[in-house]
1. Can you put 194, 251, 103, 122 in order of Cβ neighbours within 10 angstrom, beginning with the fewest?
2. Based on other C-beta atoms within 10 Å, arrange 253, 267 from fewest to most.
3. Taking amide H positions as placed 1.01 Å from N in the peptide plane, with prolines and chain starts having none, which residues 5 or more places from residue 222, or on another chain, fall under 5 Å of its amide H?
4. Under a crude label model (7 Å from the Cα following the beta-carbon direction), how far is residue 214 from residue 75 in nanometres?
5. Which of the peptides 213-223, 70-80 is most tightly packed, and how do the rest follow, going by the mean number of other Cβ atoms within 10 Å of each residue?
6. Net charge near residue 224: determine it from the other residues with C-beta under 13 Å of the C-beta of residue 224, scoring Lys and Arg +1 and Asp and Glu -1.
7. Just how many % of Cα pairs in segment 38-127 lie over 18 Å apart, if you round to the nearest whole percent?
8. Label points 7 Å out from Cα along the Cβ direction at residue 278 and residue 125: separation in nm?
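Read-outs throughout are calculated quantities, based only on the coordinates presented, and are distinct from any laboratory measurement. Note that the coordinates shown come from a computational prediction; the quantities given were computed from them, not determined experimentally. Glycine gets a Cβ as well: all are built from the backbone with ideal geometry, and neighbour counts include every protein chain shown.
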Amino acid sequence: MLNETPRRSTIRLTRRGRIVLLATGAVAAATAVVVPLAVSGDGQDSPQALTIPEGWRSGQVYDAVDKALGVPAGTTRKAAPKAGLKLPSDAAGNPEGYLFPATYPLSDKSTPQSLLTYMVNTANKKFHGPNSTAGAQPDTASQYQTVTIASIVEAEADNKEDMGKVARVIYNRLNHGMPLQMDSTLNYGLGRSTLATTEKDTKSDSPYNTYARMGLPPSPIGNPGEQALKAAAAPPQGDWLYFVTVKPGDTRFTADFAEQQKNVAEFNRNRAAEKAEKKDG
C-alpha cells in the first residue's frame, strides 16, 4: 500500500478513472457525452414528464426545466435561490447534489420552483430513508460529504459495477493524506466537461482543483443517482489507491504504483491503436 502520491508531473487520476502519464507526454482526451433532454408527452404540445439523468450538473438541470416548461433561458437558475429549498446548512444554498435524478411529472401548474422543490424533497427522502447515507460510512463526517463523494463516483466510474471500488479509492486516498487528483472535480470548477486537462489546468486557483488542494471539493460536482450514493455510503473493503479504464468494461484497481504504470501503458497502447484505426479508416 502506498503512503504518498507520486509526483503530480508523473501521474494523474482523471475522470472515468483514466490515468495520464504526463512524463511520457501521453494525454488522454475524450468527448463529453451529451444526454438529450428526455420528455414525454404523447404528441401533445407540452411534455407530461421530465427525466433528469444521473450525473447531470445543476446548470444542465436548470436548462432542462426551462426547456420543458417553455420559459425563457435562465429562469430556473434565477428561481433557485427563491424556492426555499430544504438543503443542509453545509450546502450554503447551493442545490448541487440534491436535484435528484428521476422522472418528474409535469402539469400546467408546474413552475421552476415547484420542480426544484420536488427534486430536493425527493433527494431528502432518499438520503433519509431505510438506505440512508447519513452516518453509513465512518470515514465521512457528514451526509453532505457522502453526497459529494457520490457525485465524484458518478463522474468517475466507467460502469455501475465499479462504483463501490471508485468510492473506496476516494476514501483510501483521503485517509492516506493523498490529494484526490480528479479531473472531474477540476473541470467542474472550470465550468467545463472536457477531459483534455493540461498541466496548467492542474495549477488553477480553484477550490475544486483536487490536484492543488487536499480533501474533498467544497460541494458535489453533479447530482448522483441512487447506486452512486449507495457506493459512497458503503463501499467494499480494499486497499486500492489507483484505477484506470484500460478499455470500456475493463477498469483495473490497484494499490501498487508500478502495476498502475503497466496498466496505464496498456491504456495508452489501446488509445494509439484506436487512433491509428480511425486514421486508416
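1. Working: 194 14, 251 22, 103 11, 122 17.
Lowest count first: 103, 194, 122, 251.
2. Values: 253 20, 267 23.
Ascending Cβ contact count within 10 Å gives the list 253, 267.
3. Here 97 satisfy the definition.
4. About 4.8 nm, to one decimal.
5. Working: 213-223: 21.3, 70-80: 14.5.
By packing density, highest mean first, the sequence is 213-223, 70-80.
6. Details: positive: 57, 126, 160, 230; negative: 54, 96, 154, 156, 226.
Once all neighbours under 13 Å are counted, the net charge is -1.
7. Working: 1533 of 4005 pairs.
Within segment 38-127, distances greater than 18 Å cover 38 percent of Cα pairs.
8. Spacing of the two 7 Å Cα→Cβ label points: 4.3 nm.
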